[in-house]
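Reviewing the structure listed below.
The values are calculated or read from the model by the stated rules, or taken from the named source; none is laboratory data. Just so it is clear, the model here is predicted, and its values are computed rather than measured. Neighbour counts are summed over all protein chains in view; Cβ atoms, including those assigned to glycine, are modelled from backbone coordinates with ideal geometry.
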Amino acid sequence: MSRHPVLHRHADLADASRALADWVATRLRSALERQERASVALPGGSTPGPFLAALAKQDLPWKRITLLPTDERFVPADHPRSNERMMRAALEPALRAGAEWLSFASVEPGLSPEAFAQQLADQVARLLPLDVVVCGMGEDGHIASLFPGEPQARLDPNVPCIVPAFPIGLEPRISLSAMALREAGEAALLFSGKEKSTVFVEAVRLGDKPVTLLLAKRRRLHVFFAERT
Ligand code: 6PG
């Protein structure tokens, strides 16, 4: 039986973003007390910009930290829809301080999402289990690029840690697998808006959406949310 999530309700997204940045920094510091390096997977999309900027301002030994996205759109890193473009801009102070960035952006023209996912899986495998993952959530209950009803959203230990995904009506995606997200040492979720609050509560009640992959037995999911954006 998965453990109940810890809900952190905030007045607005700016507040929730600052609180989440503190929460992530605390978890990274405790991981670095136990080991030489620590890793954190971070969300793309339109919600996390203020959180990423607040995290990058944290006083952390960035040279010992690896940053990676939870998922990426299969587009060049300078494309307007690229998560990397948005994330690197927000995380710039941490990258300048020496944090490692593990890119999910394919640089080889003509390489298929499937082939690129296999290549990337080898690089990500050395980081597992991830120390901290932070996900956003879509109004359909998807996290990273694990969409409802898609095979990628199933927990399967035989699936590599990186999967290609082909959401209908969107560009192909490269995503951390369900297992890689579930097995992380610490997990948090960030969203805003009434609609997403309702979707989350229903998903936890019914267990029918990819977001519930973040619920685990070993640790509790921390949910940072604000009804006002
Ligand atoms: C992406 C994300 C995705 C995102 C949700 C929520 O590539 O879009 O990683 O999983 O977190 O779609 O997106 P918004 O924050 O834009 O609502």
For this session: Could you check, for segment 92-100, whether at least one of its residues is touching a residue at least 12 places away in the same chain (Cβ under 8 Å) and within 16 Å of the ligand (Cβ to nearest atom)?
Result: no
Exercise. If you scan segment 30-68, which residues turn out to be under 15 Å from Asp131 (Cα atoms), within 15 Å of the chain's Cα centre (by Cα) and free of Cβ contacts under 8 Å to residues at least 40 places away in the same chain?
Worked result: Leu67
Exercise. Within the set of pairs 6 or more residues apart or between chains, which connect a residue that is of a type in the set (Asp, Glu) inside segment 145-169 to a residue that is part of a strand (DSSP E or B) with Cβ atoms less than 9 Å apart?
Worked result: Glu150/Ala165
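One line per residue, one yes/no per condition, for (1) outside any loop (DSSP other than H, G, I, E, B); (2) more than 17 Å from Phe104 (Cα to Cα):
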site	(1), (2)
Val124	yes, no
Leu130	no, no
Val134	yes, no
Glu139	no, yes
Gly169	no, yes
For this session: Those residues that are surrounded by fewer than 24 Cβ atoms within 10 Å (Cβ to Cβ) and more than 14 Å from the ligand (Cβ to nearest atom), I need them from segment 41-64; list them, please.
Result: Ala53, Ala54, Ala56, Lys57, Gln58, Asp59, Leu60, Pro61, Trp62, Lys63, Arg64
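From the list Glu139, Glu114, Glu150, exactly one residue is over 15 Å from Pro164 (Cβ atoms) and charged (D, E, K, R). Which is it? Give the steps one after another, and end with the answer.
Numbers: Glu114 fails: over 15 Å from Pro164 (Cβ atoms); Glu150 fails: over 15 Å from Pro164 (Cβ atoms).
Criteria check complete, one pass: Glu139.
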Exercise. Looking only at segment 142-165, which residues are modelled with pLDDT under 95, polar (S, T, N, Q) and closer than 21 Å to Ser106 by Cα?
Worked result: Gln152
Seminar exercise, completed: Ile168: passes all of (1) at pLDDT below 95; (2) touching a helix residue (DSSP H, G or I) at 6+ places or on another chain (Cβ under 7 Å); (3) hydrophobic (A, V, I, L, M, F, W, C) but (2)
For this session: Might you let me know whether segment 173-186 holds any residue that is over 27 Å from Thr229 (Cβ atoms) and part of a strand (DSSP E or B)?
Result: yes
Seminar exercise, completed: The residue from Phe200, Phe116 that alone is within 14 Å of the ligand (Cβ to nearest atom) and more than 13 Å from the chain's Cα centre (by Cα) is Phe200
Exercise. Does Phe104 qualify as being among the aromatic types (Phe, Trp, Tyr) and part of a loop (DSSP other than H, G, I, E, B)?
Worked result: yes
Exercise. Residue check: is Thr26 assigned to a helix (DSSP H, G or I), on the phi < 0 side of the Ramachandran plot and either modelled with pLDDT of 95 or more or over 16 Å from the mean Cα position of the chain (by Cα) (or both)?
Worked result: yes
Problem set entry | Residues satisfying the stated conditions in segment 69-89, i.e. within 13 Å of the ligand (Cβ to nearest atom), under 17 Å from the mean Cα position of the chain (by Cα) and either loosely packed, with under 15 Cβ neighbours inside 10 Å or free of Cβ contacts under 8 Å to residues at least 60 places away in the same chain (or both) | Pro69, Arg81, Ser82, Asn83, Glu84, Arg85, Met86, Met87
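So which of Glu139, Glu114 ends up being under 21 Å from Ser17 (Cβ atoms) and modelled with pLDDT of 95 or more?
On the way: Glu114 fails: under 21 Å from Ser17 (Cβ atoms).
It is Glu139.
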